[in-house]
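Structure first, commentary second.
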């Protein structure tokens, strides 16, 4: 599969969410700055976006934002946006409105702590999104153990219906092994229209981006799914041991690429 999407005249930006602390990692280093293959893990997310032609790259910072800015200071295609108060992923994208809303076109929204993301996956998402004129296109993965991930709910026609977070899933939904790995591309205009309507969660007080695709669908907009993200690509990084595993995988990939 090519890592170069089909040519399109539509602008393509990327929003990379990098505001969180990552408390389970220990220490005070922002999670996205932990090293994988000799670089901060957020670097590899940005690189995958560059490979498919996304620009600008809007990095949402919050916790120890100065350290994240400093780590990426040499990247002249990056625009930093501050999320002063962490009010959820929907809010994190909303604070990017001024940076990208007027660009039109499409924008990825990706987590900054997923360094094993592949450009070829992003390219497949761009192609499906453009060909179907979708408002949102989501990649999905099938996991032997989907614990902790949002489940992809499909309707009777096998099309997207909703993303249900683990804590909100019914017993039946918890048996679903197709998950959402936080790889999305949105029509920018439709995205910001929906964010104006996105409700605040009554329990957490946060705004969840995962609710947006279902809101779009309820208004008759098209949501596409790109299945087949390898389980390896979305390995969680919440402990030093998991970080070491991901580091070894990426180093092996880079070694293999260098040898071919």
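Annotations
- Count - residues of the stretch 63-84 that are in contact (Cβ under 8 Å) with a residue 12 or more places away in the chain and over 16 Å from residue 41 (Cβ atoms): 8
- Residues of the stretch 148-168 that are assigned to a loop (DSSP other than H, G, I, E, B), out of contact with any strand residue (DSSP E or B) (no Cβ under 6 Å at 6 or more places or on another chain) and modelled with pLDDT under 95: 148 alone.
- Listed conditions (1) part of a strand (DSSP E or B); (2) more than 18 Å from the chain's Cα centre (by Cα) are all met by residue 185, apart from (2).
- When residues of the stretch 171-199 are limited to those that are over 23 Å from residue 52 (Cα atoms) and touching a strand residue (DSSP E or B) at 6+ places or on another chain (Cβ under 8 Å), the one surrounded by the most Cβ atoms within 10 Å (Cβ to Cβ): 179
- Condition check for residue 238 on (1) surrounded by 12 or more Cβ atoms within 10 Å (Cβ to Cβ); (2) part of a helix (DSSP H, G or I); (3) modelled with pLDDT under 95: one failure, at (2).
- Residues that are at pLDDT 95 or above, out of contact with any strand residue (DSSP E or B) (no Cβ under 7 Å at 6 or more places or on another chain), surrounded by 16 or more Cβ atoms within 10 Å (Cβ to Cβ) and under 20 Å from residue 139 (Cα atoms) occur at least once in the stretch 214-221.
The values are calculated or read from the model by the stated rules, or taken from the named source; none is laboratory data. Just so it is clear, the structure is predicted and the values come from calculations on it, not from any experiment. Glycine gets a Cβ as well: all are built from the backbone with ideal geometry, and neighbour counts include every protein chain shown.
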